Amino acid sequence: MSTTEQYAGAAGGAVAPGRVEAATARPVWRAEATIGAAAAVALATWLMSGAFRWQGYPVEHPYGIVVAAVVTAAMVTVLAAIGRLAIWPLPGLRPVLVALAGWTVVRLTFTSMFPLISDEAYHWMWGKYLDLAYFDHPGMVAWMGRLFAPLHGNPAALARLSSILLGAGIVLLTYALAKMTTGNARVAGRAALAVMLVPMYAIGCMLLVPSVALNLFWMATLAFVWRAVRRDRLIDWVLAGLTCGGALNANLTGFGLPVCVLGYLLISPSARRLLLRPGPYVALVAALVAFLPALIWNARHDWITITWNLYYRHDPSGFKPQWLTVYLVELLAFLSPVMTLLGLWIAGAMAWRGWRRRDEPMLYLAVMALAPLLAWAAISSTKLIVAYYAAPGFIPLIILCARGCVDDAGDLRPDRRGWWYTHAVGVANIFTAAAFVALVVPVFVPAGTMAGVLKGISLRGAEKRIAQVYGWPALADYIESQAPRIDADTPLVVVGPSYAQASSAMYYVRNLEMAYSLDEGVGRYGQQFIFWAPREQMPLGCDAILFEAGEPKYLDPGEPGLAACFERLEVVRPEGDPRMRYWTILRGYGYKGGLDAYPRRRPKVPIPQ
């Protein structure tokens, strides 16, 4: 029995076809109304409270706890309604657009409920100092950040606006790709709605990180490649190449995209002939042209982005099965457990059926889903890999789930596949809602209480975590209070132990020209500080505030190498705000030089000339 018939039966037995459609439509309309109402409440609360200007946790602001509670409740309500739509969708794009509008609004309001993580602050700085590329990655995350926030403001919502909008684009591309490959509007609607419930896209596409743009351009490339395979028109190949170049400008893991396309062309008997046509090679040239900004920047800087990503950031390789276990567990978390297992089962079946029966759409989706997942699984057995690297394979996997669990009319199958799909959507909904709630826990739990809990379970680096979660606004206030006390002849500079903490200081402290990083030229991440603020250029004679989250690890005041850099070095214990006790703060007077040689804790990263 189809889901339409089930709903009709629940409404009162056998009814006329028009009444069947109306009975099916009623719960959809109710879900859409719920989404609209919850999104409207969240948006009104966000605007009226001034939360759109917030940087830190809501407890820093009047009625912040109330605002956080309202926005979180609206988020959970919208997710639940989208989960309902994912099981009972009507044909067409309307339910997807209504859900997407509400989903985008509540996620935008939620961006103000928790502070930027360290990598986000680092990428925020990239947007402040625009360039063709950067030490760690190409420049797409910075370009998009400035495109959607040209004034480059400090509010968390403005910093994350590009990711919110790109995330909405990913959902639309999911619908388009599913509609093109399956030819079924209901399947496309189910897939697009399910993507909004998966933790990777609901939460991951809310952060200012390169993977958001990578996933957007990767999905656009898959759509254009499919059009090119079906029509073999050069314009489609050119567009596929340009969007592939966009993926490469987001993250160098985008090099896996042409490999996946080549794999499909080699596997498919009917598509293999295209390798003798000019289209794929035109696409390759277009991708290289689009990738020129990163190539130009790297040619000027000893190809450091490429060599660093391929070599310097990695530990020596060796078979380590525990890392494969970590990858698989993360995969279950990012995609949600039931969706992952169901998707792999159906993708495997669809790949076999597509190859045996020449079902090109299913074969295409299966290759594009399984290739990234299996490739990164193989690599994770020798390297510590984060599972979001495989995220470009998630959407084809979700589309296959939606297609494999419905009948030809687009209704959920009455067998075990339909049952498993319903539970996959429900579990993904619960996982994502729980993750959103976890993000706002610090709003309702004071720092001292949280510190006691973390120390009670003997969590390593508990004070560092408390400082980074709760303490940035307090540290920023302290640093800002010190600036007017410094004579103009001895400028105050700020030094953090790592790129992450130096970037966060730049984000939170108003009117701070530049923070220096003790990791510059030493650690394996955040080496853009080599170009922004080389420590060898710190002005002699200046006074410095050196800070570190948690107990001193790198800023030991008794370390002779550190003390020798200043005429006088003292420990500062600010009074007033209790959150300051989770920071290590040193005050250095009369900088004499030598900080560029401190500390030597790892092999130095090659510094481009």
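Which residue, of Thr77, Thr72, is open to solvent by less than 20 Å² (accessible area, probe 1.4 Å), on the phi < 0 side of the Ramachandran plot and of a type in the set (Ser, Thr, Tyr)? Write out each step before concluding.
Details: Thr77 fails: open to solvent by less than 20 Å² (accessible area, probe 1.4 Å).
Thr72 is the lone residue from the list that is open to solvent by less than 20 Å² (accessible area, probe 1.4 Å), on the phi < 0 side of the Ramachandran plot and of a type in the set (Ser, Thr, Tyr).
Looking at Ala391, Ala433, can you tell me which residue is of a type in the set (Gly, Ala, Ser), closer than 30 Å to Leu257 by Cβ and surrounded by 17 or more Cβ atoms within 10 Å (Cβ to Cβ)?
Working: Ala433 fails: closer than 30 Å to Leu257 by Cβ.
After ruling out the rest, the residue left standing is Ala391.
Read through the list (1) out of contact with any Phe, Trp or Tyr (no Cβ under 9 Å at 6 or more places or on another chain); (2) part of a loop (DSSP other than H, G, I, E, B); (3) not hydrophobic (A, V, I, L, M, F, W, C), then give the number of the only condition that Gly56 fails.
Against the list (1) out of contact with any Phe, Trp or Tyr (no Cβ under 9 Å at 6 or more places or on another chain); (2) part of a loop (DSSP other than H, G, I, E, B); (3) not hydrophobic (A, V, I, L, M, F, W, C), Gly56 comes up short only on (1).
Limited to the range 111-158, what total is found for residues that are assigned to a helix (DSSP H, G or I), open to solvent by 10 Å² or more (accessible area, probe 1.4 Å), of a type outside the set (Phe, Trp, Tyr) and over 25 Å from Trp308 (Cα atoms)?
Within the range 111-158, residues that are assigned to a helix (DSSP H, G or I), open to solvent by 10 Å² or more (accessible area, probe 1.4 Å), of a type outside the set (Phe, Trp, Tyr) and over 25 Å from Trp308 (Cα atoms) number 3.
Which members of the range 493-537 meet the condition of being assigned to a strand (DSSP E or B) and either modelled with pLDDT under 90 or open to solvent by less than 10 Å² (accessible area, probe 1.4 Å) (or both)? Lay out the reasoning, then the answer.
At the first step, the residues of the range 493-537 found to be assigned to a strand (DSSP E or B) are 493-496, 515-517.
Those that are assigned to a strand (DSSP E or B) and either modelled with pLDDT under 90 or open to solvent by less than 10 Å² (accessible area, probe 1.4 Å) (or both): Val493, Val494, Val495, Gly496, Ala515, Ser517.
Within the range 254-261, is there a residue that is farther than 30 Å from Arg313 by Cβ and in contact (Cβ under 8 Å) with a residue 60 or more places away in the chain?
Taking the range 254-261 first, the residues farther than 30 Å from Arg313 by Cβ are none.
Checked the range 254-261: no residue is farther than 30 Å from Arg313 by Cβ and in contact (Cβ under 8 Å) with a residue 60 or more places away in the chain.
Is it true that Ala366 is surrounded by 24 or more Cβ atoms within 10 Å (Cβ to Cβ) and modelled with pLDDT under 95?
Details: surrounded by 24 or more Cβ atoms within 10 Å (Cβ to Cβ): yes; modelled with pLDDT under 95: yes.
So Ala366 passes the test.
I'm checking my understanding of the structure. Among residues of the range 564-584 that are open to solvent by 40 Å² or more (accessible area, probe 1.4 Å), outside any loop (DSSP other than H, G, I, E, B) and out of contact with any helix residue (DSSP H, G or I) (no Cβ under 8 Å at 6 or more places or on another chain), which one is farthest from Pro442 (Cα to Cα)?
Glu567
Here is a list of conditions, (1) in contact with a strand residue (DSSP E or B) (Cβ under 9 Å, 6 or more places away or on another chain); (2) within 20 Å of Lys179 (Cβ to Cβ); (3) of a type outside the set (Phe, Trp, Tyr), and Ala228 meets all of them except one; can you say which number that is?
Every listed condition holds for Ala228 apart from (1).
Six or more apart or on different chains, Cβ under 8 Å: which pairs go from a residue in the range 305-333 that's within 13 Å of Ser381 (Cα to Cα) and open to solvent by less than 40 Å² (accessible area, probe 1.4 Å) to one that's assigned to a helix (DSSP H, G or I) and of a type outside the set (S, T, N, Q)? Could you list them?
Tyr327/Trp376; Tyr327/Ala377; Tyr327/Ala387
Report, by residue number, each residue of the range 159-211 that is without any contact (Cβ under 8 Å) to a residue 12 or more places away in the chain and over 20 Å from Leu222 (Cα atoms).
Result: no residue meets the conditions.
For the condition open to solvent by 10 Å² or more (accessible area, probe 1.4 Å), in a helix (DSSP H, G or I), acidic (Asp, Glu) and at pLDDT 90 or above, what is the one hit in Glu5, Glu32?
Working: Glu5 fails: at pLDDT 90 or above.
Result: Glu32 is the single residue among Glu5, Glu32 that is open to solvent by 10 Å² or more (accessible area, probe 1.4 Å), in a helix (DSSP H, G or I), acidic (Asp, Glu) and at pLDDT 90 or above.
List every residue pair whose Cβ atoms lie under 9 Å apart, where the two residues are 6 or more positions apart in sequence or sit on different chains, the first residue falls within the range 283-299 and is in contact (Cβ under 8 Å) with a residue 24 or more places away in the chain and farther than 20 Å from Leu265 by Cβ, and the second residue, located anywhere, is acidic (Asp, Glu) and surrounded by fewer than 20 Cβ atoms within 10 Å (Cβ to Cβ).
Here the result reads Pro293/Asp131; Trp297/Asp131, each pair linking the range 283-299 to a residue that is acidic (Asp, Glu) and surrounded by fewer than 20 Cβ atoms within 10 Å (Cβ to Cβ).
Residue check: is Leu90 of a type outside the set (S, T, N, Q) and part of a helix (DSSP H, G or I)?
Values: of a type outside the set (S, T, N, Q): yes; part of a helix (DSSP H, G or I): no.
Against the criterion (of a type outside the set (S, T, N, Q) and part of a helix (DSSP H, G or I)), Leu90 does not qualify.
Pairs under 7 Å by beta carbon, first residue at pLDDT below 80 in the range 592-609, partner of a type in the set (D, E, K, R) and surrounded by 15 or more Cβ atoms within 10 Å (Cβ to Cβ), six or more apart or different chains?
Going by the 7 Å Cβ cut-off, the qualifying pairs are Val605/Arg524.
Can you tell me which residue is nearest to Glu551 (Cα to Cα) among those in the range 451-465 that are at pLDDT below 85 and in a helix (DSSP H, G or I)?
Keep residues of the range 451-465 that are at pLDDT below 85, which gives 451-462.
Imposing the further condition that a residue be in a helix (DSSP H, G or I) reduces the set to 451-456, 462.
Numbers: Ala451: 13, Gly452: 15, Val453: 17, Leu454: 15, Lys455: 13, Gly456: 17, Ala462: 9 Å.
Going through the qualifying residues, I end up with Ala462.
Residues to consider are Leu100, Leu85, Leu108, Leu93; find the one that is open to solvent by less than 10 Å² (accessible area, probe 1.4 Å), hydrophobic (A, V, I, L, M, F, W, C) and in contact (Cβ under 8 Å) with a residue 40 or more places away in the chain.
Leu85
Given the residues Arg413, Arg403, which is the only one that is basic (Lys, Arg), at negative phi, without any contact (Cβ under 8 Å) to a residue 12 or more places away in the chain and in contact with a helix residue (DSSP H, G or I) (Cβ under 9 Å, 6 or more places away or on another chain)?
Numbers: Arg403 fails: without any contact (Cβ under 8 Å) to a residue 12 or more places away in the chain.
Just one listed residue meets the conditions, Arg413.
The values are calculated or read from the model by the stated rules, or taken from the named source; none is laboratory data. Bear in mind the structure is a predicted one, so any value in this text is a computation, not a measurement. Backbone-built Cβ (ideal geometry, glycine too); neighbour counts: all protein chains shown. With ligands, DNA and RNA removed, areas are computed over all heavy atoms of the protein, side chains included. Shrake-Rupley method; radii C 1.70, N 1.55, O 1.52, S 1.80 Å.
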